[in-house]
Amino acid sequence: MIFKFWERLPYKECVHPDDKEVVEKHKNIFALDIPPGHINGNLRTAPVVALFLNPGFEDEDNQVFENEDCRILLFEQIRGESDFPLWFNRWRKWFLQRVKLDGMTDEKIGKNVSIFNVCSYASRDAKRLKPSILNSLPSSQAAIEYLHEVLIPQAQRGERFIVVCRAAWAWKIDKSIECDTIKFVKNPRGGHFGPEIRTQIKIWISSK
């Protein structure tokens, strides 16, 4: 599935070989010198998974992406075995604002929450990511398959807690799947958990 798919990414390449044809057609949309960002945090075991569309990109990120040590750490994120990269200041601020959990330190949140993007490639303007593009990207289809075949069944069994923060349409889900451990944020534009979902996650974690 998703991890096997990304094992075939050549070392330090930013575009998966299966995606190249599609990405080349839309290269004006994506920032293609950035390590792939399907996964940030320990997707394999993090109890809470937050679903988003794709990574954003700002000019200030170049300092991180130009640093070889930082790039290597970001490439490792795709394995789904590392904590969320809180050392990346802009991502740290973005992450903690949205997924803050009461009673947890920033570092503990970084261990307990994973971000899962349906599209791996960063862009400045996510509005340009049309369904036709995502439907054509093999990596996006692998992510959707992992959500539907692994994460959703785990959440339905009470083993994981999924928060749909953005792009339910891209993940091919709707509120019919909502249950005690699958929640949709009230404001997908901002993608913040909000106090109600934070409380539900706290109760769920304390019951485990």
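So if I check each of Arg44, Arg98, which one is open to solvent by 80 Å² or more (accessible area, probe 1.4 Å), modelled with pLDDT of 95 or more, closer than 29 Å to Lys172 by Cβ and not acidic (Asp, Glu)?
Among Arg44, Arg98, only Arg44 is open to solvent by 80 Å² or more (accessible area, probe 1.4 Å), modelled with pLDDT of 95 or more, closer than 29 Å to Lys172 by Cβ and not acidic (Asp, Glu).
For a quick check of your reading of the model, give me the residue pairs whose first member lies in segment 1-30 and is within 18 Å of Leu74 (Cβ to Cβ), whose second is polar (S, T, N, Q) and surrounded by 12 or more Cβ atoms within 10 Å (Cβ to Cβ), with beta-carbon atoms closer than 6 Å and at least 6 apart or on different chains.
From segment 1-30, the pairs are His16/Ser139; Asp19/Ser139; Phe30/Ser123.
So, in segment 156-184, of the ones that are touching a residue at least 24 places away in the same chain (Cβ under 8 Å) and basic (Lys, Arg), which residue ends up least open to solvent (accessible area, probe 1.4 Å)?
Among those that are touching a residue at least 24 places away in the same chain (Cβ under 8 Å) and basic (Lys, Arg), it is Arg160.
Cβ-Cβ distance below 8 Å, separation of 6 or more or different chains: which pairs start in segment 185-198 with a residue that is at positive phi and end on one that is crowded, with 17+ Cβ neighbours inside 10 Å and part of a helix (DSSP H, G or I)?
The qualifying pairs are Gly191/Arg98.
Name the residue that is modelled with the highest pLDDT, counting only residues in segment 185-204 that are within 21 Å of Asn54 (Cβ to Cβ) and open to solvent by 50 Å² or more (accessible area, probe 1.4 Å).
His192
Checking Gly190 against (1) among the small types (Gly, Ala, Ser); (2) outside any helix (DSSP H, G or I); (3) farther than 25 Å from Trp91 by Cβ: exactly one of these is not met. Which one?
(3)
Please verify whether segment 77-84 includes one or more residues that are open to solvent by less than 30 Å² (accessible area, probe 1.4 Å) and of a type in the set (Phe, Trp, Tyr).
The answer is yes, given that some residue of segment 77-84 is open to solvent by less than 30 Å² (accessible area, probe 1.4 Å) and of a type in the set (Phe, Trp, Tyr).
The values are calculated or read from the model by the stated rules, or taken from the named source; none is laboratory data. Predicted model only: the values in this text are computed from it and were never measured. Cβ coordinates were reconstructed from backbone atoms using ideal geometry, including for glycine residues, and neighbour counts include every protein chain displayed. To get the accessible areas, we keep the full protein, side chains included, count just its heavy atoms, and leave off ligands, DNA and RNA. Shrake-Rupley method; radii C 1.70, N 1.55, O 1.52, S 1.80 Å.
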